[in-house]
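Read through the structure below, which is laid out as structure tokens, and then see the notes.
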Amino acid sequence: MDEKKVNPVVKLALEFGPIVAFFVGYMMLRDRSFAIGGTEYDGFILVTAGFIPLILASTAALWALTGKVSRMQIVTAVLVVVFGGLTVWLNDDRFIKMKPTIIYVIFGGVLGLGLLRGQSYLQYVMEGVMPLTDEGFMILTRRLAMFFGGLAVANEFVWRTMSTDAWVNFKTFGLTLAIFAFFMTQGKLFDAYANKESDEA
């Protein structure tokens, strides 16, 4: 199914809105605790409980508006449900904190598996968005696989050694800025390996 055109502001809001809502909710409830059904839950757990339906609703809205949802968005939504659900069910914030690690290990591992087979799975997903030659995609895939590995290690370090406040800030701003910075630093690669035939088509 071809992707439908949608207002980019709306698309951006649906993609990043749940993350922003999670951060705002956490800042509002982080110092509070709530007794529900005889069990004490802190603010982080309740915000996580709210994040699960929010990410599902935003993913469903993206699908309804665009007619398409990326594999990355599907995997993210599934892991939020699984690890967020475990966080709430077991009243243990470690599970949701591990989610970014699992996501980046999966993405990096899939890209690495493709490289071992002499293929760029990134090209399969992003060829229409990034007009690069085959060689350019292979280079970018190697860099991105290593980058995902670095993010997984960074997330593990932060949540295991720092406070929940530090992890929430890292998750909301640090990881987002790191991904943005990564692609901003690939300008020379995009120039050197631009697919001229794609530009002329």
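Summary of computed values
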{"read-out": "Which of S120, S70, S33 has the fewest Cβ neighbours within 10 Å, and the rest in rising order", "value": "S33, S70, S120"}
{"read-out": "Principal semi-axes in Å for the chain [√(5λ), Cα gyration tensor, largest first]", "value": "34, 20, 15"}
{"read-out": "Pair L115, E40: separation of 7 Å Cα→Cβ label points (nm)", "value": "4.7"}
{"read-out": "Mean Kyte hydropathy of 0.0 or more with a Cα span along the axis of at least 24 Å, helices from DSSP in the chain", "value": "8-29, 43-66, 71-90, 94-116, 134-161"}
{"read-out": "Burial ordering of V168, V69, fewest other beta-carbon atoms within 10 Å first", "value": "V69, V168"}
{"read-out": "Alpha-carbon centroid distance for the pair region 126-190 / region 34-109, whole angstrom", "value": "20"}
{"read-out": "Descending semi-axes in Å of region 65-147, equivalent ellipsoid built from Cα gyration tensor", "value": "30, 16, 8"}
{"read-out": "Gyration tensor (alpha-carbon) shape descriptor, region 1-113, a/c threshold 1.5", "value": "oblate"}
{"read-out": "Violating pairs (Cα-Cα greater than 30 angstrom) within the set K97/K188; K11/K171; K4/K97; K11/K188", "value": "K97/K188; K4/K97"}
{"read-out": "Placed amide H near L132: partners under 5 Å, 5+ positions off or other chain", "value": "N195"}
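Read-outs: derived from the displayed coordinates by stated rules, not from any lab. Every value quoted in this text rests on a predicted model; they were computed, and no experiment measured them. Positions of Cβ are generated from backbone atoms using ideal geometry, with glycine treated the same way; all protein chains shown enter the neighbour counts.
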